[in-house]
Amino acid sequence: EAGVTQFPSHSVIEKGQTVTLRCDPISGHDNLYWYRRVMGKEIKFLLHFVKESKQDESGMPNNRFLAERTGGTYSTLKVQPAELEDSGVYFCASSSRTPPESAFFGQGTRLTVV
Amino acid sequence: ILNVEQSPQSLHVQEGDSTNFTCSFPSSNFYALHWYRWETAKSPEALFVMTLNGDEKKKGRISATLNTKEGYSYLYIKGSQPEDSATYLCASHGYNFNKFYFGSGTKLNVKP
């Protein structure tokens, strides 16, 4: 069974540019989460989808970040325009509807804004 | 917001040493505590999920305990090996299950 996959694994962009990160969850997992880890700090919640609906987007830092999950399958996280402080590792995770199953994480996308 | 704290931030041990680290979390509205092992450039790997006070879980040389009344969990590694080198993350979530609150991790380095 395929795990959670993220693309790209690494992205280097200039300040002001746009980047789109993609996450393919485990098939059948309704819950999809985006998290971010800034250098040396804890992994922080960004938002949570249940199927195609945004259940909780309280962690999104500002309106430069836009997440979508059309059709309840894969999700994208767009950063436009990127700022230096957006650099970090962006993780996607998915889980089935039944708690307390651990969420399964992708390998992350390392975003570097220069 | 749940503040999850882990200590120590980093740990250097010799191969064969046993070690342990701590995860503390708010005990109110607690539902479950998760431990993950994260090697650089790889996905965080789920180790344990615990819900009940007094829970103990074991996987090979790694074990974990949970105290929900006082809000802490310990992760133990017996006879550390170089391949145990990784960052160990704990995450807590409450009844709404909407999000996991992570600690900043303990980075373990096991020297051969």
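Of note:
Let's see how each residue does on (1) open to solvent by less than 60 Å² (accessible area, probe 1.4 Å); (2) under 10 Å from the mean Cα position of the chain (by Cα); (3) within 14 Å of chain B (Cβ to nearest Cβ); (4) more than 17 Å from A:Tyr74 (Cα to Cα):
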| site | (1), (2), (3), (4) |
| --- | --- |
| A:Gly16 | yes, no, no, yes |
| A:Pro25 | yes, no, yes, no |
| A:Gly28 | no, no, no, no |
| A:Leu32 | yes, yes, yes, no |
| A:Arg37 | yes, no, yes, yes |
| A:Gly40 | yes, no, yes, yes |
| A:Ile43 | yes, no, yes, yes |
| A:Leu46 | yes, yes, yes, no |
| A:Asn62 | yes, no, no, yes |
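- Residue that is nearest to the other protein chains (Cβ to nearest Cβ), among those in the range A:71-109 that are farther than 28 Å from B:Cys90 by Cβ and more than 14 Å from the chain's Cα centre (by Cα): A:Gly72
Residues are listed down the side, and each one gets a yes or a no for (1) without any contact (Cβ under 8 Å) to a residue 12 or more places away in the chain; (2) among the hydroxyl-bearing types (Ser, Thr, Tyr); (3) part of a strand (DSSP E or B):
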| position | (1), (2), (3) |
| --- | --- |
| B:His12 | no, no, yes |
| B:Phe21 | no, no, yes |
| B:Ser27 | no, yes, no |
| B:Phe30 | no, no, no |
| B:Arg37 | no, no, yes |
| B:Ala64 | no, no, yes |
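- Only a single item in (1) open to solvent by 50 Å² or more (accessible area, probe 1.4 Å); (2) more than 14 Å from chain A (Cβ to nearest Cβ); (3) under 24 Å from B:Glu15 (Cα atoms) is not met by B:Glu45, and it is number (2).
- Listed by first and then second residue, the pairs with beta-carbon distance under 7 Å, at least 6 apart or on different chains, first residue in the range A:70-89 and acidic (Asp, Glu), second buried (at least 19 other Cβ atoms within 10 Å of the Cβ) and at pLDDT 95 or above, are A:Glu83/A:Val113; A:Asp86/A:Val79; A:Asp86/A:Leu111; A:Asp86/A:Val113.
The values are calculated or read from the model by the stated rules, or taken from the named source; none is laboratory data. This one's a predicted model, so the numbers in the text were calculated from it and none came from an experiment. Cβ sites come from the backbone with ideal geometry, for glycine too, and all protein chains shown count toward neighbours. Each accessible area value is taken on the protein alone, full model and side chains, heavy atoms only, with ligands, DNA and RNA left out. Shrake-Rupley method; radii C 1.70, N 1.55, O 1.52, S 1.80 Å.
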